[in-house]
Amino acid sequence: MKRILFSSALAVALVATPAFCQQPTQPPANDTTTQQPAAQPGHRHRKFDPQKAAQRIGKKLNLSADQTAKLEPILAGQQQKIAELRSNTSLTPDQRREQFRAIHQDTQTQLASVLTPDQMQQLRSMRRGPHGRRQQQPDSTGPSSGN
């Protein structure tokens, strides 16, 4: 009797083991949408807000209310020009890069008309410093410009 009971239990265990170990070949359709995050790591871009950016810069540089108010249209104009440039698919990568540089240079010129030289230097160091977006980029554009 024990032998029959043992044989039955062994047979059930052998049959049931593959059933428990088998994984579904396709995940359910609703699982794929819930498992994917809204933004992938490294792609957490928020929409640029010129007003918030002007306030943040104004706070970090101790700008006057007038200076902070003048920053907003400059930053908004830069944002608009960059958006137009990104949507222009007819440009080559080199042309696009040059236009990005021109937009950046124009923005720097406009900022210099609002900020003092010390404030401009602080702004540059904020962007290049340890907590800024860029790390120690040389000011020269080519290898022969320093010779």
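The values are calculated or read from the model by the stated rules, or taken from the named source; none is laboratory data. Quick caveat: nothing in here was measured; it's all calculated off a predicted structure. Note that we place each Cβ from the backbone using ideal geometry, even for glycine, and neighbour counts take in every protein chain shown.
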For this session: Return the pairs, sorted by first residue and then second, in which the second residue is in a loop (DSSP other than H, G, I, E, B), the first residue lies in segment 68-92 and is closer than 14 Å to residue 49 by Cα, the beta carbons are less than 7 Å apart, and the residues are 6+ apart or on different chains.
Result: 79/48
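From 112, 83, which residue is exposed (fewer than 14 other Cβ atoms within 10 Å of the Cβ), within 23 Å of the chain's Cα centre (by Cα) and not in a loop (DSSP other than H, G, I, E, B)? Write out each step before concluding.
On the way: 112 fails: within 23 Å of the chain's Cα centre (by Cα).
Just one listed residue meets the conditions, 83.
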For this session: Sort through 68, 89 and tell me the only one that's modelled with pLDDT of 65 or more and outside any helix (DSSP H, G or I).
Result: 89
Seminar exercise, completed: Restricting attention to segment 92-109, the residues that are assigned to a helix (DSSP H, G or I) and loosely packed, with under 14 Cβ neighbours inside 10 Å number exactly 10
